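K.L.:
Right, I'll just put the structure down here and ask away after.
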Amino acid sequence: MSSSPQYNLTDVKLKRVPSDLSEVSPTTMLIQDEEEHRTTSFVKALLLVATMSILVLKLAMWLPFNIPGISSAAVRTYVPASYVYDEQRTLFDNTSWTYNTDYALTAVMILLAVQCTRTASTDNETNATSFKLRMYSAALLSCYGISTLAGAWAHQHFTTVDSLNTLRFRMFWIVCVGNVSFASCYMGLIGREVQKLFGVRGAIPLGPWWFWPAYGCYMAVTCAMGYISFKRPACDIFIAGITQFPSTFYCLGSLGLRSWPNRLPSGTSKATPIERVHLSYRLMYYIGFIGNAPLLPLYPLLVQYTNWSLAGVNTFLHSWLMVMWGMQGVSLIHLCAAISSKGSKVSKD
């Protein structure tokens, strides 16, 4: 008959729980404070991005109808559709001027995106410093290119109202408008990197990295759900464009809120990236990011009060986009190159 095991209480070591806070180590308290701070910051950022997303979308749907002198034309132009189109009010151009200029936009945007990635440095340290800005810039330009490619294909191949009411068209148009909606993600991330690399420290809050992706996802989802769908599918693009204004001004502020030094002579090896940024490229950056704003009031005026054909209106709009998006691309390449210059150091001023 086996005997039960015997336990010696003196062999049992009990961990004493601190009876008061004075017995908690300073390191433990610091870790707890940091965790509480991170949690609080996360909740604040989450509430901010949720509130901003909802309010900006409501503003985007309200603004076209409340611009002085434009509202009557906007009412006749922006007719809600939710991806359901009809013969009476639906207008979707299928001429070669429209889709060929879209294809041209795609080609130029992809070339600029590739060029952004090719501004890498041979120096590992500076190459790592510029990596995020190069990738975000390439991603933004790729969003533009994918959008115009999907738009070109839709304009070329969906030539009847019945074809517009198919799931296939809806998928193409979600890709077209959804990329414009999601572009705010990369704009915001570009602004965040520009603020870190070129901006005045503390002038603009960086926020968590996920803030702008969350905002872009919200706008892209509302696009997919048909919340910004209109009988004239081109109208969808303008509403998506309005939702870009927070990230646009974030980009502008990140580069503009500083005093720029006089550029050092060409070839000076000790120049900082800030000193390498030319005034002409800064102007391109500012104009390129804000320059599409006039298209919002122009579009309903052009389609309602001129005798321009849809092909003419679309060609004008695409030409304008080519200039503004091109300025964005060229200026971003310049900023990437300023950082990637071999041996450069980021100024801490």
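K.L.:
With the condition kept exactly as written, say whether any residue in the range 65-74 is at pLDDT below 95 and touching a Cys at 6+ places or on another chain (Cβ under 6 Å).
P.N.:
no
K.L.:
To continue, here is another question. Output the number of the condition that Pro261 fails; it satisfies all remaining conditions of (1) of a type outside the set (A, V, I, L, M, F, W, C); (2) surrounded by 15 or more Cβ atoms within 10 Å (Cβ to Cβ); (3) modelled with pLDDT under 95.
P.N.:
(2)
K.L.:
So which pairs qualify, if the first residue must be in the range 217-244 and within 15 Å of Ser147 (Cβ to Cβ) and assigned to a loop (DSSP other than H, G, I, E, B), the second must be modelled with pLDDT of 95 or more and of a type in the set (Asp, Glu), the Cβ gap must be under 7 Å, and the two must be at least 6 apart or on different chains?
P.N.:
Ile228/Asp236
K.L.:
Looking at the range 35-63 only, could you name the residues that are more than 18 Å from the chain's Cα centre (by Cα) and either surrounded by 12 or more Cβ atoms within 10 Å (Cβ to Cβ) or at pLDDT 95 or above (or both)?
P.N.:
Ser41, Phe42, Lys44, Leu47, Lys58, Met61, Trp62, Leu63
K.L.:
Does Ala74 satisfy the condition of being farther than 25 Å from Val330 by Cβ and either assigned to a helix (DSSP H, G or I) or without any contact (Cβ under 8 Å) to a residue 24 or more places away in the chain (or both)?
P.N.:
yes
K.L.:
I would also like to ask the following. From the set of residues in the range 272-292 that are small (Gly, Ala, Ser) and modelled with pLDDT of 95 or more, which is nearest to the chain's Cα centre (by Cα)?
P.N.:
If we take residues in the range 272-292 being small (Gly, Ala, Ser) and modelled with pLDDT of 95 or more, then Gly288 is nearest to the chain's Cα centre (by Cα).
Here is a yes/no grid of residues against (1) surrounded by 17 or more Cβ atoms within 10 Å (Cβ to Cβ); (2) not hydroxyl-bearing (Ser, Thr, Tyr):
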| position | (1), (2) |
| --- | --- |
| Tyr83 | yes, no |
| Gln88 | no, yes |
| Phe92 | yes, yes |
| Thr95 | no, no |
| Thr101 | yes, no |
| Ala104 | no, yes |
| Ala107 | no, yes |
| Thr119 | yes, no |
| Thr122 | no, no |
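K.L.:
Could I ask something else about it? Is it the case that Ala81 is within 28 Å of Gln304 (Cα to Cα), among the small types (Gly, Ala, Ser), at pLDDT 95 or above and in contact with a strand residue (DSSP E or B) (Cβ under 7 Å, 6 or more places away or on another chain)?
P.N.:
Spelling it out, Ala81 is indeed within 28 Å of Gln304 (Cα to Cα), among the small types (Gly, Ala, Ser), at pLDDT 95 or above and in contact with a strand residue (DSSP E or B) (Cβ under 7 Å, 6 or more places away or on another chain).
K.L.:
Right, here's the next one. From the set of residues in the range 276-310 that are among the small types (Gly, Ala, Ser) and within 27 Å of Pro68 (Cα to Cα), which is surrounded by the most Cβ atoms within 10 Å (Cβ to Cβ)?
P.N.:
Here the answer is Gly288.
K.L.:
Output the residues belonging to the range 230-246 that are touching a Cys at 6+ places or on another chain (Cβ under 8 Å) and not β-branched (Val, Ile, Thr).
P.N.:
Asp236, Ala240
K.L.:
With respect to Pro18, determine if the residue is on the phi < 0 side of the Ramachandran plot, at pLDDT below 95 and exposed (fewer than 10 other Cβ atoms within 10 Å of the Cβ).
P.N.:
No.
K.L.:
Inspect all residues belonging to the range 144-153 and state whether any of them is part of a helix (DSSP H, G or I) and among the aromatic types (Phe, Trp, Tyr).
P.N.:
Checked against the condition, which is being part of a helix (DSSP H, G or I) and among the aromatic types (Phe, Trp, Tyr), the range 144-153 yields at least one hit.
K.L.:
Take the residues in the range 122-143 that are in a helix (DSSP H, G or I) and hydroxyl-bearing (Ser, Thr, Tyr), then tell me which one is nearest to Val330 (Cα to Cα).
P.N.:
Per the stated criteria, the residue is Ser137.
K.L.:
Which condition number in (1) of a type in the set (D, E, K, R); (2) over 30 Å from Arg258 (Cβ atoms); (3) touching a Gly at 6+ places or on another chain (Cβ under 9 Å) is the one that Asp162 fails?
P.N.:
(3)
K.L.:
Counting just the residues of the range 197-216 that are in contact (Cβ under 8 Å) with a residue 40 or more places away in the chain and in a helix (DSSP H, G or I), which one comes out farthest from the chain's Cα centre (by Cα)?
P.N.:
Once the filter is applied, the top-ranked residue is Leu197.
The values are calculated or read from the model by the stated rules, or taken from the named source; none is laboratory data. The model shown is predicted, which means the values in this text are computed figures rather than measured ones. Positions of Cβ are backbone-derived with ideal geometry, glycine not excepted, and every protein chain shown enters the neighbour counts.
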